[in-house]
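Below is one structure, written out as structure tokens; the observations come after it.
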Amino acid sequence: MTDRISDRIIRTVVITGGTRGIGRAITLAFARPDTRVYFNYSSSAQAAAELERIIVEAGGFAKGMKVDIMSAKEVEDFFTTILEESGRIDVLINNAGIARDGLLVRMKEKDWDDVLDTNLKGAFLCTKIAAKPMIKQRYGRIINISSVVGASGNPGQANYVASKAGIIGFTKAVAKELASRDITVNAVAPGFIETDMTSSLSEKAKENLISGVPLGRIGKPEDIAAAVIFLASEGASYITGQVIHVNGGMYM
Ligand code: NAP
């Protein structure tokens, strides 16, 4: 299959929350000599420097920046830098996310706000800015990381589930707005994936979760990165407004 953007000199990919877990796997998967990869993080500067080093040593380009996705000003400065350096944005992956779990009746307002501001408002802030150069280019791929629980619901995660269901609605609305400019907008909904986010679960809780996964294992960050790479590829150019579930069958 011909890759419409392969003849461009360099493509620019932006990944939010690229330093750890799923975002790190996505960042590594995009790292190629013909791609400029930009990623942000909130605190893990050392992990960012290490990731940059790995990618540069492999012949790629990567730049990690400390940018709080909850801050409109920091997000704006992040994209201004990217556009000054690269002049375009081809792919945006809204991946940065947090969980602050608790039962609804005990949930603190701050835990609700922080999760919604990071997971949903952060995606809004980044997409709003990245859409502008994409509209001008008449090309773009936006991929939002949702979650299986955004479709299934989950007790103890009302804030997180609301943010991830919101991401699905956001994906569909923006897909319809931007389709005429050849910009596709899709979501990937991971199941139970081995990252820092899930590392605090007890062995018992992990066993219970795995028993509900027909494929019988916890997912790897690379399982999610593979779906993202596909959605960013030319082979996915007729797919928009969709949610790809990558969960070992735990939700069908
Ligand atoms: P993770 O290991 O906890 O990594 C989260 C990443 O997001 C880190 O790079 C972190 O940066 C960044 N981040 C968090 N808050 C930020 C902020 N305010 N500003 C900028 N960056 C911020 O998480 P993960 O498990 O890889 O999850 C990645 C995405 O997949 C999330 O959206 C999550 O909801 C979703 N997801 C995960 C699972 C799972 O089972 N793991 C399942 C479904 C969906 P720092 O390193 O600086 O903290």
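The values are calculated or read from the model by the stated rules, or taken from the named source; none is laboratory data. Everything numeric in this text was worked out from a predicted model, so none of it was measured. Glycine also receives a Cβ, built like all others from the backbone with ideal geometry; neighbour counts cover every protein chain displayed.
Residue selection: ILE167 fails the criterion of being touching a residue at least 24 places away in the same chain (Cβ under 8 Å), surrounded by fewer than 19 Cβ atoms within 10 Å (Cβ to Cβ) and touching a strand residue (DSSP E or B) at 6+ places or on another chain (Cβ under 9 Å).
Any residue that is at pLDDT below 95 and among the basic types (Lys, Arg) - is there at least one of those in region 66-89? For region 66-89, residues at pLDDT below 95 and among the basic types (Lys, Arg): absent. Considering only residues that are in a loop (DSSP other than H, G, I, E, B) and surrounded by 14 or more Cβ atoms within 10 Å (Cβ to Cβ), look in region 54-74 and name the one that is farthest from the chain's Cα centre (by Cα). The extreme case among them is GLY60. Would a scan of region 173-188 turn up a residue that is surrounded by fewer than 16 Cβ atoms within 10 Å (Cβ to Cβ) and farther than 20 Å from ILE89 by Cα? Looking through region 173-188, at least one residue is surrounded by fewer than 16 Cβ atoms within 10 Å (Cβ to Cβ) and farther than 20 Å from ILE89 by Cα.
Of all the residues that make up region 32-48, how many are of a type outside the set (S, T, N, Q), surrounded by fewer than 21 Cβ atoms within 10 Å (Cβ to Cβ) and either in contact (Cβ under 8 Å) with a residue 24 or more places away in the chain or more than 12 Å from the ligand (Cβ to nearest atom) (or both)?
First pass over region 32-48, keeping only residues of a type outside the set (S, T, N, Q): 32-34, 36-39, 41, 45, 47-48.
Filter once more, so that each one left must be surrounded by fewer than 21 Cβ atoms within 10 Å (Cβ to Cβ): 32-34, 45, 47.
Subsequent filtering for residues that are either in contact (Cβ under 8 Å) with a residue 24 or more places away in the chain or more than 12 Å from the ligand (Cβ to nearest atom) (or both) retains 32-34, 47.
Counting residues in region 32-48 that are of a type outside the set (S, T, N, Q), surrounded by fewer than 21 Cβ atoms within 10 Å (Cβ to Cβ) and either in contact (Cβ under 8 Å) with a residue 24 or more places away in the chain or more than 12 Å from the ligand (Cβ to nearest atom) (or both) gives 4.
If you check VAL161, VAL188, VAL213, VAL115, which single one turns out to be out of contact with any Ser or Thr (no Cβ under 9 Å at 6 or more places or on another chain), of a type in the set (A, V, I, L, M, F, W, C) and within 14 Å of the ligand (Cβ to nearest atom)?
Values: VAL161 fails: out of contact with any Ser or Thr (no Cβ under 9 Å at 6 or more places or on another chain); VAL188 fails: out of contact with any Ser or Thr (no Cβ under 9 Å at 6 or more places or on another chain); VAL115 fails: out of contact with any Ser or Thr (no Cβ under 9 Å at 6 or more places or on another chain).
One residue alone meets the criteria, VAL213.
When LEU103, LEU51, LEU28, LEU92 are checked against the criterion of being under 25 Å from GLY191 (Cβ atoms), loosely packed, with under 15 Cβ neighbours inside 10 Å and not charged (D, E, K, R), LEU103 stands alone in meeting it. The residue that is nearest to the ligand (Cβ to nearest atom), counting only those in region 54-88 that are farther than 13 Å from VAL37 by Cα and acidic (Asp, Glu), is ASP68.
Note on region 19-40: among residues that are among the small types (Gly, Ala, Ser) and touching a helix residue (DSSP H, G or I) at 6+ places or on another chain (Cβ under 7 Å), the one that is farthest from THR198 (Cα to Cα) is ALA31.
Scan region 208-218 and tell me whether some residue there is touching a residue at least 12 places away in the same chain (Cβ under 8 Å) and under 20 Å from ASN94 (Cβ atoms).
If we filter region 208-218 for residues that are touching a residue at least 12 places away in the same chain (Cβ under 8 Å), which is where we start, we get 209-210, 212-218.
Okay, now just the ones that are also under 20 Å from ASN94 (Cβ atoms), so none.
Scanning region 208-218, I find no residue that is touching a residue at least 12 places away in the same chain (Cβ under 8 Å) and under 20 Å from ASN94 (Cβ atoms), so the answer is no.
Name the residue that is farthest from the ligand (Cβ to nearest atom), counting only residues in region 89-111 that are in contact (Cβ under 8 Å) with a residue 60 or more places away in the chain and not in a loop (DSSP other than H, G, I, E, B). Filtering first and then ranking leaves VAL91.
Got at least one residue in region 212-233 being in a strand (DSSP E or B) and either surrounded by 17 or more Cβ atoms within 10 Å (Cβ to Cβ) or modelled with pLDDT of 95 or more (or both)? Steps first, answer last, please.
Taking region 212-233 and keeping what is in a strand (DSSP E or B), we get 219.
Filter again for either surrounded by 17 or more Cβ atoms within 10 Å (Cβ to Cβ) or modelled with pLDDT of 95 or more (or both), leaving 219.
Checked against the condition, which is being in a strand (DSSP E or B) and either surrounded by 17 or more Cβ atoms within 10 Å (Cβ to Cβ) or modelled with pLDDT of 95 or more (or both), region 212-233 yields at least one hit.
Based on what the data block shows, is THR198 under 19 Å from HIS245 (Cα atoms) and within 16 Å of the ligand (Cβ to nearest atom)?
Working: under 19 Å from HIS245 (Cα atoms): yes; within 16 Å of the ligand (Cβ to nearest atom): yes.
Judged against the criteria, THR198 is a match.
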